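S.K.: First, the structure itself, so that you have it in front of you.
The values are calculated or read from the model by the stated rules, or taken from the named source; none is laboratory data. A quick note: this is a predicted structure, and the numbers were derived from the prediction, not measured. Cβ sites come from the backbone with ideal geometry, for glycine too, and all protein chains shown count toward neighbours. All accessible areas refer to the heavy atoms of the entire protein, side chains included, with ligands and DNA or RNA removed. Shrake-Rupley method; radii C 1.70, N 1.55, O 1.52, S 1.80 Å.
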Amino acid sequence: MWAPSATFYTGLSRQRKVKHLARSPGSKAASAPKKGDWPRPHEPERFVASREQLLDMYRQMVLIRRFEERAGQLYGMGQIGGFCHLYIGQEAVVVGMQAELSRGDSIITGYRDHGHMLACGIDAKAVMAELTGRAAGISRGKGGSMHMFSVEHGFYGGHGIVAAQVPLGAGLAFAHKYRNDGHIAVTYFGDGASNQGQVYEAFNMAELWTLPVIFIIENNQYAMGTSVNRASAEDQLYRRGESFRVPGLQVDGMDVLAVRGAAKQAIEWVRGGKGPLLLEMKTYRYRGHSMSDPAKYRSREEVQAMREKSDPIEGLKHEIIEAGHADEAALKAIDREVREVVAEAADFALEAPEPALAELTTDVLLGTY
Amino acid sequence: MPQILLPAMSPTMEEGTLAKWLVAVGDVVKPGDVIAEIETDKATMELEADDGGTVTALLVAAGAEGVKVGTPIIAIAGEDEAEAPAPAAPAATPAPVAAPAPAPAAAPVTTPEAATGPTRRQTVREALRDAMAEEMRADGTVFVMGEEVAEYQGAYKVTQGLLEEFGPARVIDTPITEYGFAGLGTGAAMGGLKPIVEFMTFNFAMQAIDHIINSAAKTLYMSGGQMRCPIVFRGPNGAASRVAAQHSQNFGPWYASVPGLIVIAPYSADDAKGLLKAAIRSPDPVVFLENELLYGQSFDVPDGEHVVPIGKARVVRAGSDVTLVSYSIGVGVALAAADTLAADGISAEVIDLRTLRPLDRASVLASLKKTNRLVVVEEGWPTCSIASEIMAICMEDGFDDLDAPVLRVTNADVPLPYAANLEKAALVKAEDVVSAARAVCYR
């Protein structure tokens, strides 16, 4: 049976063993610091999914993977410009989280945002057309890869400045609490962003004001080219909220069911008015930081080992087949269907016209002065 | 006999109210005893005795208003000099020197477009508070957050009374964490609320400028018009008094260079109120630059609903020989200069820009067409300033109307010094405006 690789974690985090891994209950750190006595959630349990839920998560992860692969190709062809950060390898994080959120909840993330948008249910065509800078893009071609939004889907960007989305996400949570509408905010950021000061300013206010926000660190092990343990004095990032009494959990971000189990519990906690929670998702990106990153800071073998042993899509596929929910042929049919969606999105994005020149000066201000 | 003089209890305090005596003649006080309560422009402060002794006279009555800093208020005889005749020794205890405020005094304002309805006298501070309170009453999504805005009643008392009326859910004290709360406020605006974020001063907003510009100003454009960010960042801007380089800077030109922002910098209380109300109602992000030295100055403010349109300059004083263009505290300097010039037979028109972005080019050009001479007065640095922008506008679109080169009178191009004489030398002055106006009039 497929299982997340323990060597992956210990190899990248100063040989410390990982806590809270739902599927490796025996690997608790021997000398974890004593925890504060403020309330904290239980260890999350791995989600037990129905056939339909499994297939839906599989489909969504494959959609993100194929979409990103196609975006990479279009970048190579010169059809996508500027910076383009692909989500390949990290699909389980956003798919597992989004599966448990409700309509009306708010989502915000950084510049590696294509996957989040697809997981929010935003049309692949509108996202791809934004990447190619066309009028039909979700930001009318004015935002590009890093700056996309869909208020309709509760997706608040798409932010290009590392960690800016963290206080912004706390602000979205503040708005939910102010209106007392029962919704929560989820703010995604990376291991690199977790060293920015504003993250801790946001933690402090979120806990002080009991804001309904889940902070998610997508720890893909590298902040551009700098590995976590070269940049972080405390590289167990789930502990980063402790000084602010924000409890943290570490989650196997390569296992969509572990993510979804943690999501369910975290959402219950936050929606229940217990204040913010921090989830560290241990994950991995297969591609470079952006399309222009040759990724010389890690070995080919390391990447290959991740793909072979911990791939979130392969893992779920294996599990679906093992459990007899579907056979290889049924999953292949999903793959084909997704390929068509992506091909259609790419064609659309290449054929759609560029924005009219008049768009240059629209949307600067809303009011007339 | 040692006397205690009314001390300056804040950098900008020039006078105070002796709210209450806590001692009477004949009382024996010990060092550290509270002897009086003094109301300053910002707060009620307790005055302590530095040395012990017997109170021999209260020199100012309780309730006295407008007591100048440096006025003797109480006489206390030292323990070994009781009943002794008044010594020739210099006054003991907090020998306060009245800080000569370099602030230009409020000049008499002649306002061609003065309101016609009933008005009342209000300070800029009160007008700003009323603007917030009125908009908060009208719209439940408006809230105010910042350092000391709630329980302390505002570091400069601008939010006084708001906590009491609107409660802690809408008047929110933040930790000292500008980057964080500017971001949090911006996120709340994206989420549909209308935050007023107070910076204790705009100097501290430099820690938060990323959110003001990258998160708030650019969002509408980057989202193709989908996502709005209706937020007001407000607080005092520019030089205060003797607080030196890091606390004395005019950020008007910085923010005014950013597309996607509205930038407002009012002078008078009526404009402060009317423009702050307009700012809160605006669907766009607004940087609202106040001035600490103007907070205590009084102006006539129209009664009732009073909203001033954003983006419109105001002719504060009509004239025919030369145009003086300014904004914020510089308007007071320009008006003072205009008085001097009038005595010399030069009629100066004073324009208050009020909004720095979008800038009212038409009003500037219309006045230039009338006077053919123009001087920009700015409490700020000269390089890449609002003055530079006005000069460019005159070159681009007013060249044929110019009878002389446009001049600018600004602060010196140095970090603001602390020493009183150097500070005075660094700040924009009416006499320099007068010289510049004479020069462009060739008189």
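S.K.: Go through B:8, B:24, B:62 for me and flag whichever is among the hydrophobic types (A, V, I, L, M, F, W, C) and modelled with pLDDT under 90. If you could, list the steps in order and put the result at the bottom.
M.R.: Numbers: B:24 fails: modelled with pLDDT under 90; B:62 fails: modelled with pLDDT under 90.
Result: B:8 is the single residue among B:8, B:24, B:62 that is among the hydrophobic types (A, V, I, L, M, F, W, C) and modelled with pLDDT under 90.
S.K.: Which of the following residues is under 11 Å from residue B:74 (Cβ atoms) and in contact with a Phe, Trp or Tyr (Cβ under 7 Å, 6 or more places away or on another chain): B:47, B:18, B:58? I'd like the intermediate steps shown before the answer.
M.R.: Values: B:47 fails: in contact with a Phe, Trp or Tyr (Cβ under 7 Å, 6 or more places away or on another chain); B:18 fails: in contact with a Phe, Trp or Tyr (Cβ under 7 Å, 6 or more places away or on another chain).
Just one listed residue meets the conditions, B:58.
S.K.: Go through the range A:226-270 and give me each residue that's within 16 Å of residue A:199 (Cα to Cα), hydroxyl-bearing (Ser, Thr, Tyr) and out of contact with any Gly (no Cβ under 7 Å at 6 or more places or on another chain).
M.R.: A:232, A:243 - these are the residues of the range A:226-270 that are within 16 Å of residue A:199 (Cα to Cα), hydroxyl-bearing (Ser, Thr, Tyr) and out of contact with any Gly (no Cβ under 7 Å at 6 or more places or on another chain).
S.K.: Suppose the filter is free of Cβ contacts under 8 Å to residues at least 60 places away in the same chain and within 26 Å of residue A:188 (Cβ to Cβ); does residue A:294 pass it?
M.R.: Numbers: free of Cβ contacts under 8 Å to residues at least 60 places away in the same chain: yes; within 26 Å of residue A:188 (Cβ to Cβ): yes.
When the stated conditions are applied, residue A:294 passes them.
S.K.: Separate question: Out of the residues in the range A:159-172 that are among the β-branched types (Val, Ile, Thr) and open to solvent by 10 Å² or more (accessible area, probe 1.4 Å), which is farthest from the other protein chains (Cβ to nearest Cβ)?
M.R.: We begin by selecting, within the range A:159-172, every residue among the β-branched types (Val, Ile, Thr); these are A:161-162, A:166.
In the following step, the residues that additionally are open to solvent by 10 Å² or more (accessible area, probe 1.4 Å) were identified as A:161-162.
Details: A:161: 5, A:162: 10 Å.
Within the range A:159-172, the match that is farthest from the other protein chains (Cβ to nearest Cβ) is A:162.
S.K.: Something else about it: Identify the residue in the range A:123-138 that is within 12 Å of chain B (Cβ to nearest Cβ) and touching a Ser or Thr at 6+ places or on another chain (Cβ under 7 Å) and, among all such residues, is nearest to residue B:227 (Cα to Cα). Even if it seems obvious, please write down each step before you answer.
M.R.: At the first step, the residues of the range A:123-138 found to be within 12 Å of chain B (Cβ to nearest Cβ) are A:126, A:129-130, A:133-138.
Next, only the ones that are touching a Ser or Thr at 6+ places or on another chain (Cβ under 7 Å) stay: A:130, A:138.
On the way: A:130: 16, A:138: 11 Å.
Residue satisfying both the conditions and the ranking: A:138.
S.K.: Taking the residues in the range B:219-240 that are within 9 Å of chain A (Cβ to nearest Cβ) and aliphatic (A, V, I, L, M) as candidates, determine which candidate is surrounded by the fewest Cβ atoms within 10 Å (Cβ to Cβ). Before the answer, list the steps.
M.R.: First pass over the range B:219-240, keeping only residues within 9 Å of chain A (Cβ to nearest Cβ): B:219-228, B:230.
Imposing the further condition that a residue be aliphatic (A, V, I, L, M) reduces the set to B:220, B:222, B:227.
Details: B:220: 24, B:222: 26, B:227: 21.
Top of the filtered list is B:227.
S.K.: Given (1) open to solvent by 10 Å² or more (accessible area, probe 1.4 Å); (2) under 24 Å from residue B:210 (Cβ atoms); (3) without any contact (Cβ under 8 Å) to a residue 12 or more places away in the chain, identify the lone condition not met by residue A:240.
M.R.: Status for residue A:240: all satisfied but (3).
S.K.: Of the conditions (1) at pLDDT 95 or above; (2) of a type outside the set (A, V, I, L, M); (3) over 20 Å from the mean Cα position of the chain (by Cα), residue A:261 fails just one. Which one is it?
M.R.: Residue A:261 satisfies all of (1) at pLDDT 95 or above; (2) of a type outside the set (A, V, I, L, M); (3) over 20 Å from the mean Cα position of the chain (by Cα) except (3).
S.K.: Counting only residues that are closer than 22 Å to residue B:252 by Cα, in contact (Cβ under 8 Å) with a residue 40 or more places away in the chain and of a type outside the set (A, V, I, L, M, F, W, C), which one in the range B:177-218 is most open to solvent (accessible area, probe 1.4 Å)?
M.R.: B:218
S.K.: Looking at (1) assigned to a loop (DSSP other than H, G, I, E, B); (2) under 21 Å from the mean Cα position of the chain (by Cα), which is the one condition that is false for residue B:140?
M.R.: Just one mismatch for residue B:140, condition (2).
S.K.: Can you find even one residue in the range B:251-258 that is more than 10 Å from chain A (Cβ to nearest Cβ), surrounded by fewer than 20 Cβ atoms within 10 Å (Cβ to Cβ), part of a loop (DSSP other than H, G, I, E, B) and among the polar types (S, T, N, Q)?
M.R.: Yes, the range B:251-258 has at least one match.
S.K.: Do you know which residues across the range A:139-158 are touching a helix residue (DSSP H, G or I) at 6+ places or on another chain (Cβ under 8 Å), facing chain B (nearest Cβ under 7 Å) and open to solvent by 10 Å² or more (accessible area, probe 1.4 Å)?
M.R.: A:140, A:142, A:143, A:147, A:156
S.K.: Could you check the range B:308-318 and list, in sequence order, the residues that are more than 14 Å from chain A (Cβ to nearest Cβ) and buried (at least 20 other Cβ atoms within 10 Å of the Cβ)? Before the answer, list the steps.
M.R.: Initial filter on the range B:308-318 (more than 14 Å from chain A (Cβ to nearest Cβ)): B:314-318.
Residues satisfying the conditions are B:314, B:316, B:317.
S.K.: Please indicate, with yes or no, whether at least one residue in the range A:131-153 is part of a helix (DSSP H, G or I), over 14 Å from residue B:190 (Cα atoms) and touching a residue at least 24 places away in the same chain (Cβ under 8 Å).
M.R.: From the range A:131-153, those part of a helix (DSSP H, G or I) are A:131, A:151-153; that's our starting set.
Filter once more, keeping what is over 14 Å from residue B:190 (Cα atoms): A:131.
Applying the additional criterion that residues be touching a residue at least 24 places away in the same chain (Cβ under 8 Å) yields A:131.
Yes - at least one qualifying residue is present in the range A:131-153.
Table: residues versus (1) assigned by TED's automatic domain parsing to the domain that holds residue B:183; (2) part of a strand (DSSP E or B); (3) of a type in the set (Gly, Ala, Ser).
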{"site": "B:207", "(1), (2), (3)": "yes, no, no"}
{"site": "B:211", "(1), (2), (3)": "yes, no, no"}
{"site": "B:226", "(1), (2), (3)": "yes, no, no"}
{"site": "B:234", "(1), (2), (3)": "yes, yes, no"}
{"site": "B:241", "(1), (2), (3)": "yes, no, yes"}
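S.K.: Within the range A:173-191, which residues are more than 12 Å from chain B (Cβ to nearest Cβ) and surrounded by 23 or more Cβ atoms within 10 Å (Cβ to Cβ)? It would help to see each step written out before you state the result.
M.R.: Step one: list which residues in the range A:173-191 are more than 12 Å from chain B (Cβ to nearest Cβ), which gives A:182, A:186, A:188-191.
Correct list: A:186, A:188, A:189, A:190, A:191.
S.K.: Looking only at the range B:286-298, which residues are open to solvent by 10 Å² or more (accessible area, probe 1.4 Å) and not in a strand (DSSP E or B)?
M.R.: Let us first name the residues in the range B:286-298 that are open to solvent by 10 Å² or more (accessible area, probe 1.4 Å), namely B:292-293, B:296-298.
If the condition is that a residue be open to solvent by 10 Å² or more (accessible area, probe 1.4 Å) and not in a strand (DSSP E or B), then B:292, B:293, B:296, B:297 are the ones that fit.
S.K.: Return yes when residue B:269 is touching a Gly at 6+ places or on another chain (Cβ under 8 Å), open to solvent by less than 20 Å² (accessible area, probe 1.4 Å) and aliphatic (A, V, I, L, M) and no when it is not.
M.R.: Values: touching a Gly at 6+ places or on another chain (Cβ under 8 Å): no; open to solvent by less than 20 Å² (accessible area, probe 1.4 Å): yes; aliphatic (A, V, I, L, M): yes.
So residue B:269 fails the test.
S.K.: Let me ask something else about it. Can you tell me which residues in the range B:190-217 are farther than 18 Å from residue A:110 by Cα and over 24 Å from the mean Cα position of the chain (by Cα)?
M.R.: Of everything in the range B:190-217, those that are farther than 18 Å from residue A:110 by Cα and over 24 Å from the mean Cα position of the chain (by Cα) turn out to be B:192, B:193.
S.K.: Got a number for residues in the range B:182-199 being at the interface with chain A (Cβ under 7 Å from one of its Cβ atoms) and assigned to a helix (DSSP H, G or I)? Show your work before the answer.
M.R.: Start the filter on the range B:182-199 by keeping residues that are at the interface with chain A (Cβ under 7 Å from one of its Cβ atoms), which leaves B:183-188, B:190-193.
Subset that is assigned to a helix (DSSP H, G or I): B:183-188, B:190.
Number of matching residues: 7.
S.K.: Considering only residues that are within 11 Å of chain A (Cβ to nearest Cβ) and β-branched (Val, Ile, Thr), look in the range B:143-181 and name the one that is nearest to residue A:201 (Cα to Cα).
M.R.: If we filter the range B:143-181 for residues that are within 11 Å of chain A (Cβ to nearest Cβ), which is where we start, we get B:143, B:145, B:168-170, B:172-181.
Remaining after also requiring β-branched (Val, Ile, Thr): B:172, B:174, B:176-177.
Details: B:172: 16, B:174: 10, B:176: 9, B:177: 6 Å.
Per the stated criteria, the residue is B:177.
S.K.: Is it the case that residue A:220 is open to solvent by 20 Å² or more (accessible area, probe 1.4 Å) and more than 9 Å from chain B (Cβ to nearest Cβ)? Spell out how you get there, then give the answer.
M.R.: Details: open to solvent by 20 Å² or more (accessible area, probe 1.4 Å): no; more than 9 Å from chain B (Cβ to nearest Cβ): yes.
In short, no.
S.K.: Find all pairs meeting these conditions: Cβ atoms under 6 angstrom apart; at least six residues apart or on different chains; first residue within the range A:82-99 and within 16 Å of residue A:222 (Cα to Cα) and of a type in the set (Gly, Ala, Ser); second residue open to solvent by 10 Å² or more (accessible area, probe 1.4 Å) and part of a helix (DSSP H, G or I).
M.R.: Short answer, once both residue conditions are applied: none.
S.K.: Would a scan of the range A:269-284 turn up a residue that is open to solvent by less than 50 Å² (accessible area, probe 1.4 Å) and over 30 Å from residue A:174 (Cβ atoms)?
M.R.: Yes: one or more hits.
S.K.: So residue B:31 ticks every box in (1) in a loop (DSSP other than H, G, I, E, B); (2) under 30 Å from residue B:270 (Cα atoms); (3) modelled with pLDDT of 55 or more; (4) open to solvent by 60 Å² or more (accessible area, probe 1.4 Å) but one. Which box is left unticked?
M.R.: All conditions pass for residue B:31, except number (2).
S.K.: Hey, residue B:145 hits all of (1) surrounded by fewer than 19 Cβ atoms within 10 Å (Cβ to Cβ); (2) touching a Pro at 6+ places or on another chain (Cβ under 8 Å); (3) under 15 Å from residue B:193 (Cα atoms) but one; which does it fall short on?
M.R.: All conditions are met except number (1).
S.K.: Looking only at the range B:240-278, how many residues end up being at pLDDT below 95 and of a type outside the set (Ser, Thr, Tyr)?
M.R.: 7
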